[in-house]
Amino acid sequence: MLRLDPFKVERPTTVDEAVALLAAHGAKARVLAGGTDLLPNLKHGLHQPELVVSIGGVAGLRGVKDAGEVLEIGALTTLAELERHPLLAQFAPGLARAAAQVAGPQLRRMGTIGGNLCLDTRCLYYNQSAFWREALGYCLKKDGSVCHVVADGKKCVAAASNDTATMLMALGAEVELRARDGTRRVPLDAFYLPDGAKNTVVDEGELLVCVRVPKGSPARREGYAKLRHRNSIDFPLLSVAVALDVEGVAPGTVTGGLLVVSALQARPLRVSLDAVRGRALDDGAIEELGRLAHGRCHPMTNIADDPAWRRDMVPVLVRRAVADALHA
Amino acid sequence: MRSTMRAELRFTLNGAAVETMVRPQARLLDVLRDTLGATGTKEGCGEGECGACTVLVDGRAVASCLFPALEAEGKTVLTVEGLRNASGELSVVQRAFVDKGGTQCGFCTPGMVMATTALLQENPSPSDDEIRAGLVGNLCRCTGYVQIVDAVKQAAELAAKERP
């Protein structure tokens with residue numbers, strides 16, 4: 001049985017207190033929200049914080065607010081709350097469906113949207129016990145200098161495995177990061193970095209406090225598809241989100257939108273819809289989108305299962321995501 | 001030094017006020033089993049995947065193996081030990097699991113029973129699909145889940161009959 005090493009816990013009640021603690025302790029502190037990612041990772045010795053800053057009691061970080069052009073989602077809003085939230089059902093239904101596919105019900109009641117966006121990247125050679133990792137001489141992401149996925153790899157390719165990130169990137173969302181000396185807003189596209197060792201721009205001392213999701217127009221259709229062995233619990237083997245602006249009589253004409261594929265490497269991958277813009281969204285257009293995505297996606301042996309199969313599944317998942325968008 | 005650090009924790013467990021000292025890194029599961037001796041709640045995977053450790057915190061079914069104990073401060077926790085009524089009778093969910101044989105080795109059962117208790121509070125008459133969706137976070141390595149689903153259905157029927 002894996003045990004947790006000792007750490008201290010602080011439980012601030014305001015954002016100011018929380019960011020002051022994070023600033024004071026820098027790399028020695030970790031943020032705890034729902035704990036569903038942090039605790040298993042601590043058990044595996046993937047982080048060794050001296051201080052855990054538990055933000056569960058911080059006021060004002062929970063709930064979804066209609067802020068005109070956007071929905072503002074507090075970082076502590078649980079995935080279970082998002083699944084059923086009336087504002088999401090109306091303005092961002094794809095996000096509700098992506099949130100509903102994270103883990104299982106117990107973890108969705110604990111896990112938060114902020115936590116899912118900051119989910120540590122995952123890899124077969126990383127999400128293992130310290131004993132297991134030591135036997136291989138550790139890896140590029142943690143404690144070692146060798147990548148076991150890419151021969152001579154110099155950059156970590158651990159995979160972004162967060163369902164809501166794929167969808168929120170397709171929706172053009174941005175996050176709000178608070179530090180002691182101010183607040184900044186970062187579009188999700190600029191939030192994720194192509195480095196599995198640290199795949200977000202969150203600096204030491206910064207806290208993700210809110211997600212801002214542009215409300216859909218009546219033309220926007222949102223779809224999400226996730227590849228996994230079991231219909232619950234599992235992280236994605238492939239994650240595809242699509243925001244499609246479709247106008248006119250069915251099948252309708254594509255006027256805009258974005259396709260995003262994730263669970264590949266550290267950053268979700270954007271696939272432009274330019275090739276089908278102005279065209280009818282018929283089977284031919286959907287197939288072309290699948291081909292385009294297939295050409296851009298190169299699954300690796302960083303997560304479970306045969307990468308060739310996962311690549312073959314890209315067009316299938318694109319089709320499922322579009323179907324989810326059109327028929328949900 | 002650090003390993004002897006203790007923090008105060010107060011919460012309500014199965015209706016009774018609890019006040020204890022815990023290690024800051026302790027999980028709710030550790031406090032229940034090791035400190036308070038409430039060993040009905042089981043540790044399966046320890047990673048939040050199997051549901052054996054499911055307890056209700058303020059009425060919501062959560063994985064106590066990933067729930068930091070200090071986060072239970074001031075909250076109300078219900079475990080399988082708290083399901084019997086004042087006269088010691090099993091709850092309808094427990095009776096239905098016994099009647100339908102929704103248990104083999106029994107290790108997953110406390111978690112199944114707690115998840116079912118929460119499910120029926122949210123949705124008193126779930127369909128088969130809703131039952132399966134409600135229990136997808138609970139793994140049983142013995143059975144094919146058929147008798148477990150039967151038990152949940154029976155529990156819903158029993159509860160409907162016994163409702164005043």
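The values are calculated or read from the model by the stated rules, or taken from the named source; none is laboratory data. The model shown is predicted, which means the values in this text are computed figures rather than measured ones. Neighbour counts run over all protein chains shown; Cβ positions are idealised from the backbone, glycine included. Accessible surface areas use protein heavy atoms only, side chains included; no ligands, DNA or RNA. Shrake-Rupley method; radii C 1.70, N 1.55, O 1.52, S 1.80 Å.
Every residue in segment B:32-54 that is more than 12 Å from the chain's Cα centre (by Cα), farther than 14 Å from A:Gln106 by Cα and either assigned by TED's automatic domain parsing to the domain that holds B:Met114 or open to solvent by 60 Å² or more (accessible area, probe 1.4 Å) (or both), please.
Hits for segment B:32-54 are B:Arg33, B:Asp34, B:Thr35, B:Leu36.
Looking at this structure, is A:Arg84 surrounded by fewer than 22 Cβ atoms within 10 Å (Cβ to Cβ), within 14 Å of chain B (Cβ to nearest Cβ) and touching a Leu at 6+ places or on another chain (Cβ under 6 Å)?
It is false that A:Arg84 is surrounded by fewer than 22 Cβ atoms within 10 Å (Cβ to Cβ), within 14 Å of chain B (Cβ to nearest Cβ) and touching a Leu at 6+ places or on another chain (Cβ under 6 Å).
Would you check if there is a residue in segment B:48-63 being β-branched (Val, Ile, Thr), assigned to a loop (DSSP other than H, G, I, E, B) and either under 29 Å from A:Pro6 (Cα atoms) or free of Cβ contacts under 8 Å to residues at least 40 places away in the same chain (or both)?
Looking for residues that are β-branched (Val, Ile, Thr), assigned to a loop (DSSP other than H, G, I, E, B) and either under 29 Å from A:Pro6 (Cα atoms) or free of Cβ contacts under 8 Å to residues at least 40 places away in the same chain (or both), one finds none in segment B:48-63, hence no.
Quick one: B:Ala17 ticks every box in (1) in contact with a Leu (Cβ under 8 Å, 6 or more places away or on another chain); (2) more than 29 Å from B:Asn123 (Cβ to Cβ) except a single one, so which number is it?
If we test B:Ala17 against (1) in contact with a Leu (Cβ under 8 Å, 6 or more places away or on another chain); (2) more than 29 Å from B:Asn123 (Cβ to Cβ), just (1) comes out false.
Filter segment A:164-175 down to the residues that are crowded, with 17+ Cβ neighbours inside 10 Å and either of a type in the set (Ser, Thr, Tyr) or in contact with a strand residue (DSSP E or B) (Cβ under 6 Å, 6 or more places away or on another chain) (or both) and list them by number.
Answer for segment A:164-175, where residues must be crowded, with 17+ Cβ neighbours inside 10 Å and either of a type in the set (Ser, Thr, Tyr) or in contact with a strand residue (DSSP E or B) (Cβ under 6 Å, 6 or more places away or on another chain) (or both): A:Thr164, A:Thr166, A:Met167, A:Met169, A:Ala170, A:Leu171, A:Ala173, A:Glu174, A:Val175.
If you go through segment A:219-237 one residue at a time, do you hit one that is away from chain B (no Cβ under 14 Å), in a loop (DSSP other than H, G, I, E, B) and over 19 Å from A:Ser262 (Cα atoms)?
Yes - at least one qualifying residue is present in segment A:219-237.
Where residues in segment B:58-81 are more than 9 Å from chain A (Cβ to nearest Cβ), over 16 Å from A:Val9 (Cα atoms) and among the aliphatic types (A, V, I, L, M), which of them is least open to solvent (accessible area, probe 1.4 Å)?
So the residue we want is B:Val77.
Condition check ((1) within 22 Å of the chain's Cα centre (by Cα); (2) surrounded by fewer than 23 Cβ atoms within 10 Å (Cβ to Cβ); (3) in contact (Cβ under 8 Å) with a residue 24 or more places away in the chain; (4) more than 20 Å from A:Leu4 (Cα to Cα)) across all residues:
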site	(1), (2), (3), (4)
A:Cys118	yes, yes, yes, yes
A:Thr121	yes, no, yes, yes
A:Leu140	yes, no, yes, yes
A:Ala151	no, yes, no, yes
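Of the residues in segment B:127-162, how many are in a loop (DSSP other than H, G, I, E, B) and either basic (Lys, Arg) or open to solvent by less than 20 Å² (accessible area, probe 1.4 Å) (or both)?
Summing the residues that are in a loop (DSSP other than H, G, I, E, B) and either basic (Lys, Arg) or open to solvent by less than 20 Å² (accessible area, probe 1.4 Å) (or both) in segment B:127-162 gives 5.
Could you run through segment B:105-136 and say how many residues are closer than 20 Å to B:Ser91 by Cβ, among the small types (Gly, Ala, Ser) and within 14 Å of chain A (Cβ to nearest Cβ)?
4
Name the pairs whose Cβ atoms lie under 6 Å apart, with the first residue in segment B:150-164 and within 11 Å of B:Thr117 (Cα to Cα), the second basic (Lys, Arg) and modelled with pLDDT of 95 or more, and 6 or more positions between them or separate chains?
none
What pairs come up if the first residue lies in segment A:305-328 and is farther than 19 Å from A:Glu247 by Cβ, the second is of a type in the set (D, E, K, R) and surrounded by fewer than 23 Cβ atoms within 10 Å (Cβ to Cβ), and their beta carbons are under 7 Å apart, counting only those six or more places apart or on different chains?
As it stands, the answer is A:Pro315/A:Arg291, since those pairs meet every condition given.
What do you reckon, is B:Arg23 surrounded by fewer than 17 Cβ atoms within 10 Å (Cβ to Cβ) and outside the structural domain of B:Ala133 (by TED's automatic domain parsing)?
In short, no.
Please list, ordered by residue number, the helices (runs of 4 or more DSSP H) wholly in segment A:107-171 having 2 or more residues that are closer than 29 Å to A:Tyr224 by Cβ, within 14 Å of chain B (Cβ to nearest Cβ) and touching an Asp or Glu at 6+ places or on another chain (Cβ under 9 Å).
The qualifying helices (runs of 4 or more DSSP H) are A:113-117.
Which of the following residues is modelled with pLDDT under 95 and either within 14 Å of chain B (Cβ to nearest Cβ) or open to solvent by less than 20 Å² (accessible area, probe 1.4 Å) (or both): A:Leu4, A:Leu32?
Only one candidate qualifies: A:Leu4.
Would you confirm, using the coordinates I've provided, whether B:Gly102 is buried (at least 23 other Cβ atoms within 10 Å of the Cβ), among the small types (Gly, Ala, Ser), away from every other protein chain (no Cβ under 13 Å) and assigned to a loop (DSSP other than H, G, I, E, B)?
yes
Scanning for something assigned to a loop (DSSP other than H, G, I, E, B), over 18 Å from A:Ala160 (Cβ atoms), modelled with pLDDT of 95 or more and more than 26 Å from the chain's Cα centre (by Cα), does segment A:256-274 turn up at least one residue?
Looking for residues that are assigned to a loop (DSSP other than H, G, I, E, B), over 18 Å from A:Ala160 (Cβ atoms), modelled with pLDDT of 95 or more and more than 26 Å from the chain's Cα centre (by Cα), one finds none in segment A:256-274, hence no.
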